1. Using 1/(1 + (r/R0)^6) with R0 = 51 angstrom and r between the beta carbons of TYR85 and LEU35, what's the FRET efficiency to the nearest 0.05?
2. Work out the FRET efficiency for SER300 and VAL251 from their Cβ-Cβ distance, taking R0 = 45 Å, and round it to the nearest 0.05.
3. Run the numbers for THR280 and GLU178: contour at 0.36 nm per residue of separation, minus the present Cα-Cα distance, in nm.
4. Could you order THR141, THR132 by accessible surface area, starting with the largest, using a probe radius of 1.4 Å?
5. Would you mind checking the pairs LYS62/LYS168; LYS47/LYS168; LYS72/LYS119; LYS101/LYS192; LYS101/LYS227; LYS66/LYS168 and listing those with alpha carbons more than 32 angstrom apart?
6. Just to make sure I understand: if all protein chains stay in place, what is the order of TYR268, TYR219 by accessible area at 1.4 Å, largest first?
7. Let me check against my output: what whole-number percent is the relative contact order of region 48-114, with C-alpha pairs under 8 Å and at least 6 apart?
8. Provide the FRET efficiency to the nearest 0.05 for the PHE75-TYR109 pair, computing r from the beta carbons and using R0 = 51 Å.
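The values are calculated or read from the model by the stated rules, or taken from the named source; none is laboratory data. None of these values were measured; they are calculated from a predicted model. Backbone-built Cβ (ideal geometry, glycine too); neighbour counts: all protein chains shown. Just so you know, the surface numbers come from the protein's heavy atoms only, side chains and all, with ligands and any DNA or RNA stripped out. Shrake-Rupley method; radii C 1.70, N 1.55, O 1.52, S 1.80 Å.
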Amino acid sequence: MANDNLVKMKNQRRDFSGYGKYIRAGIWLILTLILAIVLLTNLFVVKENEYKVIRQFGEVVKIIEKPGLHIKIPFVQTVSSIPKYQMTFDVEEAEINTKDKKRILIDNYAVWKVDDPKKLIANARTLVNAETKMAEFTFSTVRSELGKLNYDEIINDEKSSRGSINDKVTEIVNSLLEKDGYGISVTDVRIKRTDLPEDNEESVYTRMISERQSTAQEYLSMGDARKNTIIAETDRTVKEMLAKAAADADVIRSQGEKEAGKVYNSSYSKDPAFYELYRTLESYKKTIGNETVIIMPFDSEYAKTLMGETE
């Protein structure tokens, strides 16, 4: 009986030793899976357009800029991202006063980026705080610079200095951000829109219309004065030309009559009798009409000629 029990116990130990191999293999498999999961969950990828911030117990221990695959210490370190690309921030619309004491609404935006994530985290803590400070600097600078200009200089494209203002605002905001060490920089600041507040929009439009009408009337007056000057100059020139033409005509006419007299004298001297006859006939054209009554001596030259008595 005792021998039988010993045999059973030996058989059971053999069975357990056989199962032990499988148990050990299972344990190793589980440990391998756990290790793989831990490894995979602590791997992270750094992209070209971002910074990776490694924190250990809340403190920044490393900032990775180079793209690639990296790993952090499990359960101890955490990873967060900060964008490296340029971002756009719309500054809230606000009201400012111009140099000539007019109120306008300004709507502008800023293009910015993170240059130094360490300074950003140390001084601004978060991107939201950095944007808030940038918006404050941008608005105060825009208000200051536009406050140096009159309203017409801001809205009139021909007189506008907006291009140089944008550049100047960008430069000033960057100097303020660098001075406080926020680790960000502004690439560009642009004014999108300038509007009038609703309560004085109508009065400003009315004044602008009145000014434009006054300017138009001034141009019309200048045009009328110029027209009258041109007309007077033209009339004087025409009179001078007519007077000169009349004088030239008189000279030409007198020269023509002189030449005609010479021709007549030369022609008439060749046959005086014919000349007398010609003059008599010409006088008839002027003195005798359809109802003309002529009383003349019977022996006058007229009568002889009319009666056909010719020598």
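1. Result of the calculation: an efficiency of 0.90.
2. For SER300 and VAL251, the calculated efficiency is 0.60.
3. The span from THR280 to GLU178 would gain 24.6 nm if fully extended.
4. Putting THR141, THR132 in descending order of accessible area: THR132, THR141.
5. Check vs 32 Å cut-off fails for LYS62/LYS168; LYS47/LYS168; LYS101/LYS227; LYS66/LYS168.
6. Order by accessible area, largest first: TYR219, TYR268.
7. Relative contact order, region 48-114: 29 percent.
8. With R0 = 51 Å, the Cβ-Cβ based efficiency is 0.75.
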